[in-house]
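Enquirer: Pasting in a structure now, in structure tokens, and then I'll have a few things to ask.
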Amino acid sequence: MPLEDLKGKKALVTGAASGIGSAIVKRFRSEGVQVFATDIHQTGDLIVADLTDADHVEKLAAQVGTPDFVINVAGGPVAPSRSETLPALPKSSLLLEDIDELQWAAVIAANLTSAYLVCRQFAPRMKARKYGRIVNFASIAARRGSDRVGVHYAAAKGGVIALTKTLALELGPFGITANAIAPGFIRTPRIAEANWGNVTQDFIDSLPLRRAGRPEDIAGVVAMLCSEAGGYVSGATIDVNGGLYFGP
Amino acid sequence: MKTAVVTGAAKPESIGHEVALRLQRDGMGVVVLDLYEEGFSSLSGCQCIKCDVSDFDSVQRIFSGLERVDVLVNCVGGSWEITKDDLRAGPRRGFLGLTNCSLEQWNTIRGANLDSVFYCCRAAAPLLKKQGGAIVNVASIAARKGIPPGAEGSSGPYAVAKAGVMGLTRQLALELGGFGVRVNCVAPGVIASGRLKKVLKFSGEQGPEGPLKQIPMGRVGTVAETAALIVALCSDDTSYMTGVTVDLNGASYAA
């Protein structure tokens, strides 16, 4: 049964080239939402933009106008660049001493600065309309700490949670909700390719729900937050991890 | 036919009432457990059973008569003493905290809010495990932040019982996950239910958690929004969520 309040709305989905972002685009379209999809990686009909660059975000806004929903999926444990737009994911976690300041800055920019720039660009437009839904992407790495990626990614995603809570307070009076989703182990094609952190079947079997997540599992929660069901949810971080970690 | 059991659904303008109607609209058979018989006529099509869910034996007896349960939504509860003898009771004057409540008050409030959830989950678990399903419990923002001394219209025992509901949710998520049963919880802030009207009438312009202007979204939540969230937590949209408490409070408390 379709969710209330989605049909006819307009959404911006970042990081839409593959995996979770791509699943969200599909889900929205199936609900009758008009979707503007963007990624630094060119594929299909999506808008190519480097969201760590304020000029690119401004140009994106000129094409998108005022969305009802802004879904910030862009990011990841390895920062893409304009020359390497879909980098392979690491096969194991990086130690603190293995992360140099360039990697640190790039991962913070890809995950946190991008969300900040997109929100800064689009929130004023939503405020003028007194309506909007913002969904940012955190990670279990920020909730329990990261043993699969590294401190740069966990810190960036922790920043996303704080950004989201602050936006909820700041934008609440304008009828705009801001929430974060903290996915656990989601088997996207890129993660499967990297056999991320040498995840074992034993680990998967130890999860309360006994399976890895699917991108569609995350898309469902995004749809929920943008629907009537999410109308009074704001400032929340929703853990979607099959019971791996319960949060604060 | 897929079957949902919803407790605390008989009072019109309650969250449970709206949840029962929505699950029915989604094509489920709905069983309502409640003591408030006068409300049963507003739930045509639901199987309404008079039951005190804070009584272990009553709950066991009811569930032993059910053939199938796919969804259990535990809405029964209340922040002040509501007993079998006075189902329409309103809040009382004065702050009711842990340091001044009577043992009887503690037992009544804990029984309605926490024991009832344990009893219903316990009785429903064997039925849910057969084919998988979902449990959704209702906690409260009171579990997150407590009730400040001086506040009227809610209570300390309620805050503690609702925190217990969150812990129960996590524990059951671990115990039932392997059977395809997801267990989640919502923690509402101030919701415009029939009960809130009682509190507002009682306390003037202030909600049970303080002035409404302290809510960043500048409004109370609706019963429809709350019920929609609960129904979403029963659905495949949340198929990878378990053990989670979703706060809905207009940004007034971020866990």
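Enquirer: From the list B:A255, B:A251, exactly one residue is over 21 Å from A:A219 (Cβ atoms), modelled with pLDDT under 95, touching a Ser or Thr at 6+ places or on another chain (Cβ under 8 Å) and within 7 Å of chain A (Cβ to nearest Cβ). Which is it?
Expert: B:A255
Enquirer: Among the residues of the range B:210-219, which ones are more than 8 Å from chain A (Cβ to nearest Cβ) and either modelled with pLDDT of 60 or more or touching a Ser or Thr at 6+ places or on another chain (Cβ under 7 Å) (or both)?
Expert: Across the range B:210-219, the qualifying residues are B:L212, B:K213, B:Q214, B:R219.
Enquirer: Checking the structure you have, find out if any residue of the range A:105-120 is part of a strand (DSSP E or B) and farther than 20 Å from A:Y245 by Cβ. I'd like the intermediate steps shown before the answer.
Expert: Step one: of the range A:105-120, the residues part of a strand (DSSP E or B) are none.
Scanning the range A:105-120, I find no residue that is part of a strand (DSSP E or B) and farther than 20 Å from A:Y245 by Cβ, so the answer is no.
Enquirer: Also, quick follow-up: Specify the residue that is surrounded by the most Cβ atoms within 10 Å (Cβ to Cβ); the eligible residues are those in the range A:45-90 that are under 23 Å from A:I191 (Cβ atoms) and of a type in the set (S, T, N, Q).
Expert: It comes out as A:N72.
Enquirer: Among the residues of the range B:1-13, what is the count of those that are in contact with a helix residue (DSSP H, G or I) (Cβ under 7 Å, 6 or more places away or on another chain) and either without any contact (Cβ under 8 Å) to a residue 40 or more places away in the chain or surrounded by fewer than 24 Cβ atoms within 10 Å (Cβ to Cβ) (or both)? Explain how you work it out, then say what you get.
Expert: Here is the first cut: in the range B:1-13, the ones in contact with a helix residue (DSSP H, G or I) (Cβ under 7 Å, 6 or more places away or on another chain) are B:4-13.
Subset that is either without any contact (Cβ under 8 Å) to a residue 40 or more places away in the chain or surrounded by fewer than 24 Cβ atoms within 10 Å (Cβ to Cβ) (or both): B:10-13.
Here the count works out to 4.
Enquirer: Okay, next question. Among the residues that make up the range A:121-130, is at least one of them modelled with pLDDT of 95 or more, in contact with a Phe, Trp or Tyr (Cβ under 8 Å, 6 or more places away or on another chain) and in a helix (DSSP H, G or I)?
Expert: Yes, the range A:121-130 contains at least one residue that is modelled with pLDDT of 95 or more, in contact with a Phe, Trp or Tyr (Cβ under 8 Å, 6 or more places away or on another chain) and in a helix (DSSP H, G or I).
Enquirer: From (1) at pLDDT 95 or above; (2) surrounded by 18 or more Cβ atoms within 10 Å (Cβ to Cβ); (3) not in a strand (DSSP E or B), pick out the condition that doesn't hold for B:P91.
Expert: B:P91 satisfies all of (1) at pLDDT 95 or above; (2) surrounded by 18 or more Cβ atoms within 10 Å (Cβ to Cβ); (3) not in a strand (DSSP E or B) except (1).
Enquirer: Just to be sure, is A:V160 of a type in the set (A, V, I, L, M), facing chain B (nearest Cβ under 9 Å), buried (at least 23 other Cβ atoms within 10 Å of the Cβ) and in contact with a strand residue (DSSP E or B) (Cβ under 7 Å, 6 or more places away or on another chain)?
Expert: No; evaluated as a whole, the condition is false for this residue.
Enquirer: Moving on to the next point. Given the options A:A182, A:A194, name the one that is of a type in the set (G, A, S) and either within 23 Å of B:V246 (Cβ to Cβ) or crowded, with 23+ Cβ neighbours inside 10 Å (or both).
Expert: Numbers: A:A194 fails: either within 23 Å of B:V246 (Cβ to Cβ) or crowded, with 23+ Cβ neighbours inside 10 Å (or both).
The unique qualifying residue is A:A182.
Enquirer: Within the range A:149-157, is there a residue that is modelled with pLDDT of 95 or more and within 14 Å of another protein chain (Cβ to nearest Cβ)?
Expert: No: the range A:149-157 contains no residue that is modelled with pLDDT of 95 or more and within 14 Å of another protein chain (Cβ to nearest Cβ).
Enquirer: So A:G184 ticks every box in (1) in contact with a Lys or Arg (Cβ under 7 Å, 6 or more places away or on another chain); (2) under 20 Å from A:F246 (Cα atoms) but one. Which box is left unticked?
Expert: If we test A:G184 against (1) in contact with a Lys or Arg (Cβ under 7 Å, 6 or more places away or on another chain); (2) under 20 Å from A:F246 (Cα atoms), just (1) comes out false.
Per-residue answers, yes or no, for (1) surrounded by 23 or more Cβ atoms within 10 Å (Cβ to Cβ); (2) in a strand (DSSP E or B); (3) more than 14 Å from every other protein chain (Cβ to nearest Cβ):
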| site | (1), (2), (3) |
| --- | --- |
| B:T108 | no, no, yes |
| B:P126 | no, no, yes |
| B:I135 | yes, yes, no |
| B:V165 | yes, no, no |
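Enquirer: With the checklist (1) modelled with pLDDT of 95 or more; (2) assigned to a loop (DSSP other than H, G, I, E, B) in hand, flag the one item B:S44 doesn't pass.
Expert: So the condition that B:S44 fails would be (1).
Enquirer: Would you confirm whether any residue within the range A:110-124 is among the small types (G, A, S) and in contact with a helix residue (DSSP H, G or I) (Cβ under 7 Å, 6 or more places away or on another chain)? Spell out the reasoning first.
Expert: Filtering the range A:110-124 for residues among the small types (G, A, S) gives A:110, A:114-115, A:123.
Cutting the leftovers down to in contact with a helix residue (DSSP H, G or I) (Cβ under 7 Å, 6 or more places away or on another chain) gives us A:115, A:123.
Yes, there is a match, as at least one residue in the range A:110-124 is among the small types (G, A, S) and in contact with a helix residue (DSSP H, G or I) (Cβ under 7 Å, 6 or more places away or on another chain).
Enquirer: Right, here's the next one. Looking at the range A:9-29, which of the residues that are assigned to a strand (DSSP E or B) and not aliphatic (A, V, I, L, M) is nearest to A:A88 (Cα to Cα)? Don't jump to the end; show me each part of the working.
Expert: Step one: of the range A:9-29, the residues assigned to a strand (DSSP E or B) are A:10-14.
Adding the requirement that they be not aliphatic (A, V, I, L, M) leaves A:10, A:14.
Values: A:K10: 31, A:T14: 19 Å.
So the residue we want is A:T14.
Enquirer: Please verify whether A:V78 is without any contact (Cβ under 8 Å) to a residue 40 or more places away in the chain and of a type in the set (V, I, T), treating the condition exactly as stated.
Expert: Yes, satisfied.
Enquirer: Okay, next question. So, in the range A:172-213, of the ones that are in contact (Cβ under 8 Å) with a residue 60 or more places away in the chain and at the interface with chain B (Cβ under 9 Å from one of its Cβ atoms), which residue ends up nearest to the chain's Cα centre (by Cα)?
Expert: The extreme case among them is A:P183.
The values are calculated or read from the model by the stated rules, or taken from the named source; none is laboratory data. Note that this is a predicted model, so its numbers are computed, not measured. Methodologically, a virtual Cβ is constructed for each residue, glycine included, from the backbone with ideal geometry; neighbour enumeration extends over all protein chains shown.
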